[in-house]
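J.: The structure that follows is given in the form of structure tokens.
The values are calculated or read from the model by the stated rules, or taken from the named source; none is laboratory data. From a predicted model like this one, the values you see are computed outputs, not experimental measurements. Don't worry about glycine lacking a Cβ; one is built from the backbone with ideal geometry, like all the others, and counts go over all protein chains shown.
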Amino acid sequence: MTPENTSPGRWPAPDAPAATAAPAPRFSLLGPVRAWSGTAEIDLGSPQQRALLAILLLRRDQPVPCEHAVRALWGDTAPRSADTTVRTYVYRLRRLLGDLAGGAPEIRKQGGGYLLTAGGATLDTELFRDLLARGREARDRSDRGAALGYLRDALALWRGTPFGEADTPYFTAERERWEQLRSAATEELAAVQIGLGRYAEAVAMLETALAGRPLWEKLWELRIRALAGLGRRADALAAYQDARRLLHTELGLEPGPGLRELHRGILALEPPAPAAPAVPPADHVGEPPRPPADFVGRTAELAALAERLTSPDGMVVMSLTGPAGTGKTALALRAAHDLRSHFPDGRLYARLGAPDGTPRPPEDVLAELLTALGVPAAGLHAPAAERAALWRRTTDGRRLLLVLDDVVPGARPDPLLPVSPGCAVLLVGRRPLDGVPATALDGLTLADALQLLGAVVGHERLRHEAEPSARLVSTCEYRPGPLRAAAARLLADPRRSVREVERELRTGAGTGPVELRLGRPPARGGHPPHGVCPRAVAAGAHAADARRDSDAGRMSVQWRST
């Protein structure tokens, strides 16, 4: 969908003058579901029919299975006639949209569901994200005036509660996601206002925002900065005490370093520093292990992960999938390392699988994560539901990257997902997750596979046996795990040739590396074959994910991509 060709990104008011040609329809989801063609509002039908249109607009250019639409509209209380009702709504919406001019959206049947193509229509959710991105770009290049305009225009698009009265679990989750994004835009607008000396405007806006997000530390920091900028030192100090008391009562936490430093500056009568555009860096907490020193390749995959995980579209969840031995964990750790500057409040790592291949209880994983964030031990023994709520409150307002590794069948990532729009989650496992965008891994390129093998055993050794080396990486299916296991054999006996090791792997002589190559690691507690370095085999087994897949079907997580 394309923005109106008026002032940069502005949403035309319903009573705006009509354009000379047939105007493109305009759809609004940031409030009750409404639409206009020129100056005339379009009757979209019943509340549920409007809700179905909202679902299709949110998933524009993506097929929406009929069962997904039924679940989104009725939750677990769908009537037997739900499929027929959805078909009726689609029929009516098709007729309604077909009467519009100016490139109206079109609904087509695809597979067992429906796909809405955008046409030339304008959608306020898309325009909001575009304006927010433009505002951030202007802020990053220190153009505060432009940033102020874009962010104001973005927030001016809101007309009430997103999606109106729709109250199924689907719309509750979608509404929370958009409200989180609205809060982030409010935070960034306040930071720009303070940077321009518009302290009174910032104070008024932040008081309203804090009523809805009382545990968001960044909002408190901005409000205190604005009060100090107005010369209201006593009010600023009182606001700090309010924030400190609230954080301690609700979370058992002391204020973060940004609030503490600001408080010290006000006590010392120092002028507050300009508002930062992001949550101030915290101590590095629960950082993931460093990626392997011999990590090679995966340039395209790293770029895709970086683009998605740093998207401005609220809290991001994506997955990294692939067979055993493809280096999923190594890639996730490398991405987390490369993106550390984008997540100033920390990068957290946890495994969802137990050593025996069964899923770990989510409350145990939450205890690890909360400990990494400094939550006192008293809060870690609460019931599972309270622990999940504590996790959401603790991460609210932070910018964190969460790497959840070893997502085995039956694992439950949902309680571990933070809600803050500055957070991102990378799920790592063999199987894809329904509804979660995925980057799928397989083998390396020939050049990268040879580079990895040479980094372990020495490039000179490979140059002397170029052809057998190429066959060896092919036999290992270009996968990092089996390649490291093959390298272990070569390192264990420098007198052995690459040709000899390749022949053993290809014909099945030995056990460890062949099983790793096939994605079947040795049994736990077993010993590596004679002549193989145990540490190197352990590294290969780790990369190959030392457990078998269960026969469970595809997993799912309650997340819907934008």
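J.: Only one of A173, A121 is of a type in the set (G, A, S) and surrounded by 16 or more Cβ atoms within 10 Å (Cβ to Cβ). Can you tell me which? Before the answer, list the steps.
T.: Details: A173 fails: surrounded by 16 or more Cβ atoms within 10 Å (Cβ to Cβ).
The conditions single out A121.
J.: While we're here: Right, L53: at pLDDT 90 or above and either assigned to a loop (DSSP other than H, G, I, E, B) or over 20 Å from T122 (Cβ atoms) (or both) or not?
T.: On the way: at pLDDT 90 or above: yes; either assigned to a loop (DSSP other than H, G, I, E, B) or over 20 Å from T122 (Cβ atoms) (or both): no.
Spelling it out, it is not the case that L53 is at pLDDT 90 or above and either assigned to a loop (DSSP other than H, G, I, E, B) or over 20 Å from T122 (Cβ atoms) (or both).
J.: Yes or no: L450 among the aliphatic types (A, V, I, L, M), assigned by TED's automatic domain parsing to the domain that holds H337 and within 23 Å of A303 (Cα to Cα)? Spell out how you get there, then give the answer.
T.: Values: among the aliphatic types (A, V, I, L, M): yes; assigned by TED's automatic domain parsing to the domain that holds H337: no; within 23 Å of A303 (Cα to Cα): yes.
Here the answer is no, as L450 does not meet what is asked.
J.: Further, regarding this structure: Across the range 140-158, what is the number of residues that are in contact with a helix residue (DSSP H, G or I) (Cβ under 8 Å, 6 or more places away or on another chain) and in a loop (DSSP other than H, G, I, E, B)?
T.: The total comes to 2.
J.: Can I ask one more? Out of R141, R159, R92, which single residue is modelled with pLDDT of 90 or more, surrounded by fewer than 19 Cβ atoms within 10 Å (Cβ to Cβ), over 22 Å from G229 (Cα atoms) and charged (D, E, K, R)?
T.: Working: R141 fails: modelled with pLDDT of 90 or more; R159 fails: modelled with pLDDT of 90 or more.
Selected residue: R92, the only one of R141, R159, R92 that is modelled with pLDDT of 90 or more, surrounded by fewer than 19 Cβ atoms within 10 Å (Cβ to Cβ), over 22 Å from G229 (Cα atoms) and charged (D, E, K, R).
J.: Residue under question is G410, and the condition is that it be surrounded by fewer than 21 Cβ atoms within 10 Å (Cβ to Cβ) and at pLDDT 80 or above; does it hold?
T.: yes
J.: Still on this structure, I have one more. Restricting attention to the range 307-344, which residues are closer than 19 Å to P289 by Cβ, touching a strand residue (DSSP E or B) at 6+ places or on another chain (Cβ under 7 Å) and among the hydroxyl-bearing types (S, T, Y)?
T.: Scanning the range 307-344 gives a single hit, T329.
J.: May I pose another question? Tally the residues that are of a type outside the set (S, T, Y) and either in a helix (DSSP H, G or I) or under 28 Å from M315 (Cα atoms) (or both), restricting the search to the range 90-119. Full working, then the answer.
T.: Here is the first cut: in the range 90-119, the residues of a type outside the set (S, T, Y) are 90, 92-113, 115-116, 118-119.
Going one step further and asking which of them are either in a helix (DSSP H, G or I) or under 28 Å from M315 (Cα atoms) (or both), we end up with 90, 92-98, 105, 113, 115-116, 118-119.
Residues in the range 90-119 being of a type outside the set (S, T, Y) and either in a helix (DSSP H, G or I) or under 28 Å from M315 (Cα atoms) (or both): 14 in total.
J.: For residues that are over 29 Å from L483 (Cβ atoms) and touching a Lys or Arg at 6+ places or on another chain (Cβ under 6 Å), tally how many sit in the range 396-433.
T.: 4
J.: State which residue pairs qualify: first residue farther than 14 Å from E126 by Cα and assigned by TED's automatic domain parsing to the domain that holds L206 and inside the range 157-186, second residue among the aromatic types (F, W, Y) and assigned to a helix (DSSP H, G or I) in any location, beta carbons under 6 Å apart, and separation of 6 or more residues or different chains.
T.: From the range 157-186, the pairs are F163/F171.
J.: Of the residues Q62, Q49, which is without any contact (Cβ under 8 Å) to a residue 60 or more places away in the chain and surrounded by 17 or more Cβ atoms within 10 Å (Cβ to Cβ)? Show your work before the answer.
T.: Values: Q62 fails: surrounded by 17 or more Cβ atoms within 10 Å (Cβ to Cβ).
Exactly one residue qualifies, and that residue is Q49.
J.: Can you name the residue in the range 138-155 that is small (G, A, S) and within 17 Å of G197 (Cβ to Cβ) and, of all such residues, is farthest from the chain's Cα centre (by Cα)?
T.: As a first pass, look at the range 138-155 and keep what is small (G, A, S): 138, 142, 145-147, 149, 154.
Still in the running and within 17 Å of G197 (Cβ to Cβ): 142, 145-147, 149.
On the way: S142: 27, G145: 30, A146: 28, A147: 24, G149: 27 Å.
Residue satisfying both the conditions and the ranking: G145.
J.: From A234, A191, grab the single residue that is over 20 Å from G135 (Cα atoms) and either small (G, A, S) or assigned to a helix (DSSP H, G or I) (or both).
T.: Residue meeting the stated conditions: A234.
J.: Of everything in the range 463-498, what is over 26 Å from P323 (Cα atoms) and in a helix (DSSP H, G or I)? Give them in sequence order.
T.: Answer for the range 463-498, where residues must be over 26 Å from P323 (Cα atoms) and in a helix (DSSP H, G or I): R463, H464, A466, E467, A492.
J.: Something else now. Which residue out of A324, A350, A330, A367 is surrounded by 19 or more Cβ atoms within 10 Å (Cβ to Cβ) and in a loop (DSSP other than H, G, I, E, B)?
T.: Just one listed residue meets the conditions, A324.
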